1. Need pairs with beta-carbon distance below 8 Å; first residue within 7 Å of chain A (Cβ to nearest Cβ) and within segment B:189-207, second in a helix (DSSP H, G or I) and surrounded by fewer than 19 Cβ atoms within 10 Å (Cβ to Cβ); sequence gap 6+ or separate chains.
2. Would you pick out the residues in segment A:184-201 that are farther than 15 Å from residue A:234 by Cα, surrounded by fewer than 19 Cβ atoms within 10 Å (Cβ to Cβ) and more than 29 Å from the chain's Cα centre (by Cα)?
3. Residue by residue through segment B:94-108, note down the ones that are surrounded by fewer than 20 Cβ atoms within 10 Å (Cβ to Cβ), touching a helix residue (DSSP H, G or I) at 6+ places or on another chain (Cβ under 6 Å) and not in a helix (DSSP H, G or I).
4. From the list A:42, A:52, A:19, exactly one residue is within 16 Å of the chain's Cα centre (by Cα) and not assigned by TED's automatic domain parsing to the domain that holds residue A:202. Which is it?
5. In segment B:112-129, what residues are assigned to a loop (DSSP other than H, G, I, E, B) and more than 13 Å from every other protein chain (Cβ to nearest Cβ)?
6. Select from segment B:1-26 the residues that are farther than 21 Å from residue B:79 by Cα and in contact with a helix residue (DSSP H, G or I) (Cβ under 7 Å, 6 or more places away or on another chain) and list them in ascending order.
7. Residue by residue through segment B:109-127, note down the ones that are surrounded by 16 or more Cβ atoms within 10 Å (Cβ to Cβ) and at pLDDT below 95.
């Protein structure tokens with residue numbers, strides 16, 4: 001398994017996620033990127049656009065995990081309250097950041113859009129925070145303590161996260177291997193549990209799937225050590241064969257399923 | 001706004017969600033259903049397949065919200081530990097439930113799949129819990145205290161949630177209205193904030209979008225009172241017109257965007 005001491009959490013901020021109007025895409029994106037960096041995403045909280053909810057969640061996650069990422073609530077409208085809440089969580093003031101002003105001024109001069117007071121609000125940054133570049137729409141995110149504040153719009157968040165990656169220090173990257181089979185979870189369960197018992201350093205997950213009228217099970221192995229991963233995967237393949245099925249090497253499998 | 005005293009939280013359990021392998025679909029589904037029932041989804045936590053993480057999250061959410069829903073971790077394999085964790089959170093034992101055994105025995109007799117010990121584990125239910133019917137694959141969920149334990153597979157979870165709905169008592173259903181416009185968030189921000197200031201009982205959200213080369217803003221209004229919702233929406237339409245654009249009545253808009 002990846003170094004369990006390098007951990008992360010995400011705090012997704014926004015009523016539109018909780019109402020079901022907007023399907024969150026940021027968790028899966030950040031989770032995959034962190035895996036590749038050897039950082040374990042350990043918890044995600046989704047909270048409303050509510051000061052006390054945001055402050056409490058950010059404080060709790062910041063104390064517990066190596067890195068925290070927030071998404072959402074840093075735009076120009078009245079419901080964008082993340083910056084003020086993060087400042088409150090860290091007990092600092094918000095100031096109009098001169099470098100952020102410079103970037104936004106240049107951006108709006110180029111686009112011909114009025115740089116009005118609402119848009120200037122996006123230059124308000126907690127005192128002492130470092131800016132995160134926004135190559136798409138200029139309005140920066142920021143880092144304060146271990147908290148990395150990003151926008152909610154996936155396209156912009158992704159560009160900003162990728163620019164930020166080099167600042168994150170992870171452990172050994174997590175390697176993974178998926179073995180699928182056309183047998184039910186309940187059939188493979190006993191043997192799989194025995195293999196997991198012998199490989200405490202390999203995380204083995206079992207996920208039923210249903211596609212094109214067939215059900216089956218994807219067995220996902222994750223470890224930092226390639227030798228241990230291979231050895232465990234070979235035992236899983238042997239288990240599948242012993243149950244009368246052929247192991248299928250799967251790069252990606254459907255997430256939705258059936259079976260058991 | 002809907003009765004703020006009837007609230008809910010979801011605890012999504014599973015390493016596969018945090019690794020980014022599986023895109024969660026349960027939050028948006030449950031969030032929409034709860035809205036229609038007049039129940040406010042106030043928080044979601046996603047935790048690993050880890051006993052202490054699950055127990056702590058379920059206890060915290062159970063104390064704070066009217067209803068809690070969990071998804072994931074009730075299958076037959078070693079990584080399905082939700083039932084034991086929920087029992088621990090409530091300080092009760094797990095027992096092999098006779099009604100659950102009856103349902104599973106009948107299901108597996110019909111399908112011709114061996115009802116082995118791993119599958120019998122799905123009949124283990126905390127003492128005192130009420131079963132939740134599973135019309136798809138028989139293995140029941142359960143209710144203990146205010147916690148409703150559901151599977152992670154969306155197709156099965158959805159069928160079980162819909163069977164459960166009649167047991168949930170909400171407040172006034174939340175009504176919503178969306179007005180879109182082809183102007184940026186930053187342009188509409190000041191006037192929108194003023195309208196929000198006059199309508200404390202209407203929740204107004206602003207969401208930028210980008211599609212087919214055009215950017216714009218979706219303004220989403222939510223309230224329990226139809227008259228107040230209509231009045232606020234009419235003010236939003238007037239604001240859009242005053243800024244030189246035509247309000248677009250939108251049933252559904254893309255979640256991803258740009259602008260600001």
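1. Once the first residue is within 7 Å of chain A (Cβ to nearest Cβ) and sits in segment B:189-207, its partners that are in a helix (DSSP H, G or I) and surrounded by fewer than 19 Cβ atoms within 10 Å (Cβ to Cβ) give B:190/A:117.
2. Within segment A:184-201, just A:190 meets the criteria.
3. Initially, segment B:94-108 is screened for residues surrounded by fewer than 20 Cβ atoms within 10 Å (Cβ to Cβ), giving B:94-96, B:98-99, B:101-103, B:105-108.
Checking the rest, the ones that are also touching a helix residue (DSSP H, G or I) at 6+ places or on another chain (Cβ under 6 Å) come to B:94, B:96, B:101.
B:94, B:96, listed by residue number.
4. Values: A:52 fails: within 16 Å of the chain's Cα centre (by Cα); A:19 fails: within 16 Å of the chain's Cα centre (by Cα).
It is A:42.
5. From segment B:112-129, those assigned to a loop (DSSP other than H, G, I, E, B) are B:112-116, B:127-129; that's our starting set.
B:127, B:128, B:129 - these are the residues of segment B:112-129 that are assigned to a loop (DSSP other than H, G, I, E, B) and more than 13 Å from every other protein chain (Cβ to nearest Cβ).
6. Within segment B:1-26, the first condition is being farther than 21 Å from residue B:79 by Cα, and the residues that meet it are B:1-9.
Matches in segment B:1-26: B:8, B:9.
7. Within segment B:109-127, the subset surrounded by 16 or more Cβ atoms within 10 Å (Cβ to Cβ) is B:113, B:115, B:118-126.
Once the filter is applied, which keeps residues that are surrounded by 16 or more Cβ atoms within 10 Å (Cβ to Cβ) and at pLDDT below 95, segment B:109-127 yields only B:113.
Okay, residues lined up against (1) within 14 Å of residue A:150 (Cβ to Cβ); (2) more than 14 Å from chain B (Cβ to nearest Cβ):
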site	(1), (2)
A:9	yes, no
A:50	no, no
A:96	no, yes
A:100	no, no
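The values are calculated or read from the model by the stated rules, or taken from the named source; none is laboratory data. All values reported here derive from a predicted model rather than from experimental measurement. As a convention, Cβ positions derive from the backbone with ideal geometry for all residues, glycine included, and neighbour counts pool all protein chains shown.
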